[in-house]
There are 2 protein chains.
Amino acid sequence: MTVPAVVLSHPQLGENIGAAARAMKNFGLRDLRLVNPRGAWPNSKAQAMAVGAADLLEGARLFADLKSGIGDLNLVYATTARERGVTKEVLTPKEAVRRLRLASARGATCGIVFGNERAGLENDEISLADAVVTIPTSDFSSINLGQAVLLVAYEWFLSADQTPAARIEHGPVHRMPTRTELFQLFEHLERELLESGFLFPPDKRGAMIRAIRASVHRARLTYQEVQTLRGMIVALSKGKHRVTRT
Amino acid sequence: MTVPAVVLSHPQLGENIGAAARAMKNFGLRDLRLVNPRGAWPNSKAQAMAVGAADLLEGARLFADLKSGIGDLNLVYATTARERGVTKEVLTPKEAVRRLRLASARGATCGIVFGNERAGLENDEISLADAVVTIPTSDFSSINLGQAVLLVAYEWFLSADQTPAARIEHGPVHRMPTRTELFQLFEHLERELLESGFLFPPDKRGAMIRAIRASVHRARLTYQEVQTLRGMIVALSKGKHRVTRT
């Protein structure tokens, strides 16, 4: 599968080019294209900001204008911060990357164009793209070039990411308890609580026990944590039996 | 509804505090808390980076340690870049904000804690939080403090955002054509193409016309664009009738 190019049109600050490269590498993008960047290239500020993404900067290609920078691509989206009064399709980043991934999977070459720090993309540049991508924000909308690349690259990565929404890592020393081990904890705890006089009055006992069990279940203890808890019960109940109400 | 606090633990660089404030304001967060930031406060570099979010910096509260910084909160998540070997629930940013929004809607006070630039959060700090949030990345994982706040704040905003995935803005001067206006375009275009000899051979004519209509539909033209297209047909077909094969 091809991976979309990130095309920076007339970027002004090396720091932002470096931040863009770093953002891209975090999220699996690698084809960086620079259309007429300001100042000399390579740029030392870009290198300082790229940190471990120096390889993307070294592989970056320079172009004199946007037309030549995107000439080999099949599908191109242009990022803009605001409506431009052009009747063009406007996509959220999530929808844009969904379409980019579909097109890439079919072998299309794709790219996302970002305008410069001062004015964004010119209307003439936008007219070369298939559609516009706008990052949704509150009424206060102030996203810089590096941040815009970061958010779009993040969405690109998420669109194929398999990370479970929630997980608990159980390493080899952190296995889950069996039900029997959990029942042993319940029996131990409930016996000590009963002896200590905590489960009082007797007609509330059943409900109290069920509430305690529910909070233990909710904690999703590992086997080791069950054992630790039993050790804590032993330690706390030691010598206490003398002061219980029997 | 309450809005989650962003808690920066021992931030080292004013730039990142400013970037965090700016990221927060873009995405509807406003409660910024700083646990023992390095250097003097207020910080001029933070102010320079915050741009239009100076009000968030001014409203930021300082705390001596994380415990006091999150003491009033009900639900707290800690961001980490890597697994820490602790058996703690690990959430994606999307799942974390889903839970934060649910809790906030029920009146809970919430917060997200971010560690400092060098080492992230200490294990002892993580032990004060309900769960951990880790931003999914490629094998190359290098997200700075300001970027981490940006991505989590972005997800917070998206979790209640109503922006349609794709839209075409039709202003008052860009209304959609009626079917009749579109049929008039088809009739005009097909008549001129027929007269010009383009719709040849006759047995392919129906399929050609249907393919042309499909591409016009796909363009989802406005009324004005339909009129412009008809003007273009008039201009192109002017005087051409003399060279057609009839």
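The values are calculated or read from the model by the stated rules, or taken from the named source; none is laboratory data. Just so it is clear, the model here is predicted, and its values are computed rather than measured. Reconstructed Cβ throughout: ideal geometry from the backbone, glycine too, with neighbour counts over all protein chains shown. Areas reflect the complete protein model, heavy atoms only, side chains present, ligands, DNA and RNA absent. Shrake-Rupley method; radii C 1.70, N 1.55, O 1.52, S 1.80 Å.
What the table below lists for this structure:
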{"read-out": "Of residues in the range A:113-134 being of a type in the set (A, V, I, L, M, F, W, C) and not in a loop (DSSP other than H, G, I, E, B), the one nearest to the other protein chains (Cβ to nearest Cβ)", "value": "A:ALA131"}
{"read-out": "Subset of the range B:107-124 [at pLDDT 90 or above and either of a type in the set (Asp, Glu) or touching a Pro at 6+ places or on another chain (Cβ under 6 Å) (or both)]", "value": "B:CYS110, B:GLY111, B:ILE112, B:ASN116, B:GLU122, B:ASP124"}
{"read-out": "Which numbered condition A:GLY120 misses (of (1) at negative phi; (2) open to solvent by less than 30 Å² (accessible area, probe 1.4 Å))", "value": "(1)"}
{"read-out": "Whichever residue in the range A:135-145 is open to solvent by 30 Å² or more (accessible area, probe 1.4 Å) and under 15 Å from A:GLU117 (Cα atoms) and, among such residues, is farthest from the other protein chains (Cβ to nearest Cβ)", "value": "A:ASN144"}
{"read-out": "Residues that are touching an Asp or Glu at 6+ places or on another chain (Cβ under 9 Å) and of a type in the set (Val, Ile, Thr), drawn from the range B:96-121", "value": "B:VAL97, B:THR109, B:VAL113"}
{"read-out": "Enumerated helices (runs of 4 or more DSSP H) restricted to the range A:1-83, each holding at least 1 residues that are under 21 Å from A:ARG99 (Cα atoms), within 25 Å of the chain's Cα centre (by Cα) and not basic (Lys, Arg)", "value": "A:14-26"}
{"read-out": "Residues satisfying the stated conditions in the range B:146-174, i.e. more than 10 Å from chain A (Cβ to nearest Cβ) and either more than 19 Å from the chain's Cα centre (by Cα) or not in a helix (DSSP H, G or I) (or both)", "value": "B:SER159, B:ALA160, B:PRO172"}
{"read-out": "Close pairs from the range B:180-201: first in contact (Cβ under 8 Å) with a residue 24 or more places away in the chain, partner outside any helix (DSSP H, G or I) and polar (S, T, N, Q), Cβ under 7 Å, at least 6 apart", "value": "B:GLU195/B:THR244; B:SER196/B:THR244; B:GLY197/B:THR244"}
{"read-out": "The range A:8-33 residues that are farther than 19 Å from B:PRO136 by Cβ and facing another protein chain (nearest Cβ under 9 Å), paired with ones that are outside any loop (DSSP other than H, G, I, E, B) and not hydrophobic (A, V, I, L, M, F, W, C) (beta carbon under 7 Å, 6 or more apart)", "value": "A:ALA19/A:GLY146"}
{"read-out": "Among the candidates A:ARG213, A:ARG220, A:ARG179, residue that is surrounded by 11 or more Cβ atoms within 10 Å (Cβ to Cβ) and more than 10 Å from every other protein chain (Cβ to nearest Cβ)", "value": "A:ARG213"}
{"read-out": "Criterion violated by A:ALA64 - all others in (1) within 14 Å of chain B (Cβ to nearest Cβ); (2) more than 30 Å from B:THR222 (Cα to Cα) satisfied", "value": "(1)"}
{"read-out": "Any chance A:SER127 is open to solvent by 60 Å² or more (accessible area, probe 1.4 Å), of a type in the set (Gly, Ala, Ser) and not assigned by TED's automatic domain parsing to the domain that holds A:ALA219", "value": "yes"}
{"read-out": "Long-range neighbours under 7 Å by Cβ, at least six apart or interchain, first residue at negative phi within the range A:58-69, second open to solvent by less than 50 Å² (accessible area, probe 1.4 Å) and part of a helix (DSSP H, G or I)", "value": "A:PHE63/A:GLY69; A:LEU66/A:GLU125"}
{"read-out": "Filter pass, A:LEU185 being open to solvent by less than 50 Å² (accessible area, probe 1.4 Å), within 30 Å of B:GLY18 (Cα to Cα) and either not β-branched (Val, Ile, Thr) or not assigned by TED's automatic domain parsing to the domain that holds A:ARG33 (or both)", "value": "no"}
{"read-out": "Residue match in the range A:94-104 (condition: open to solvent by 10 Å² or more (accessible area, probe 1.4 Å), in a loop (DSSP other than H, G, I, E, B) and touching a strand residue (DSSP E or B) at 6+ places or on another chain (Cβ under 9 Å))", "value": "no"}
{"read-out": "Residue among A:ALA21, A:ALA81 that alone is of a type outside the set (Ser, Thr, Tyr) and surrounded by fewer than 22 Cβ atoms within 10 Å (Cβ to Cβ)", "value": "A:ALA81"}
